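The values are calculated or read from the model by the stated rules, or taken from the named source; none is laboratory data. On a predicted model such as this, the values are computed, not experimentally measured, just so you know. Every residue, glycine among them, receives a Cβ derived from its backbone with ideal geometry; neighbour counts consider all protein chains shown.
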């Protein structure tokens, strides 16, 4: 596994988005614009920390998790991968940072990952997901279940 740069300047209140595909800058600009749209009924300002460094090109989920696992406040990371850039919806890959060791027991981890440790979400969805996971209002497994129930396997926001 290759060494990736440390993530600096990330605030615990910002959703962390890591760009891992560098083949289409125009698609990336669309993703960034969609992520910066105010969210919710009250049009809350978007708080997103972008990692846009070609050193991350082609990084796998496991490589990204190896770098972000040192941040105790981070429960989820969003990847702008090749699928994100190619899809019309620009759905990002949402990945839990929780490991089996951090869960109370194996049963707790199995519940957390019942639908896998990742799911896709529309750019507008990252704000719900990040905010609710940060305050413990909803769990990763609930969002993964909603994505699992969608015909395209995408969480589409409230």
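Filtering the stretch 113-140 to residues that are at pLDDT below 85 and under 11 Å from residue 156 (Cα atoms) leaves nothing.
Those helices (runs of 4 or more DSSP H) of the stretch 94-158 in which at least 2 residues are closer than 25 Å to residue 47 by Cα and either in contact (Cβ under 8 Å) with a residue 24 or more places away in the chain or within 15 Å of the chain's Cα centre (by Cα) (or both), considering only elements entirely within it, cover 125-135, 140-149. With respect to residue 13, is the statement that it is exposed (fewer than 13 other Cβ atoms within 10 Å of the Cβ) and under 14 Å from the mean Cα position of the chain (by Cα) true? Taking the combined requirement at face value, the residue satisfies it. Note on the stretch 16-36: residues that are over 13 Å from residue 81 (Cα atoms) and surrounded by fewer than 12 Cβ atoms within 10 Å (Cβ to Cβ) amount to 3.
Take the conditions at pLDDT below 90, over 18 Å from residue 18 (Cβ atoms) and surrounded by fewer than 20 Cβ atoms within 10 Å (Cβ to Cβ) and apply them to residue 150. Does it pass? When the stated conditions are applied, residue 150 does not pass them. If only residues of the stretch 37-58 that are surrounded by 16 or more Cβ atoms within 10 Å (Cβ to Cβ) and more than 14 Å from the chain's Cα centre (by Cα) are counted, the one that is modelled with the highest pLDDT is 56. Being out of contact with any strand residue (DSSP E or B) (no Cβ under 9 Å at 6 or more places or on another chain) and under 24 Å from residue 24 (Cα atoms) is a condition met by at least one residue of the stretch 88-109.
Within the option set 134, 89, 157, being surrounded by 13 or more Cβ atoms within 10 Å (Cβ to Cβ) and on the phi > 0 side of the Ramachandran plot holds for one residue only, 157.
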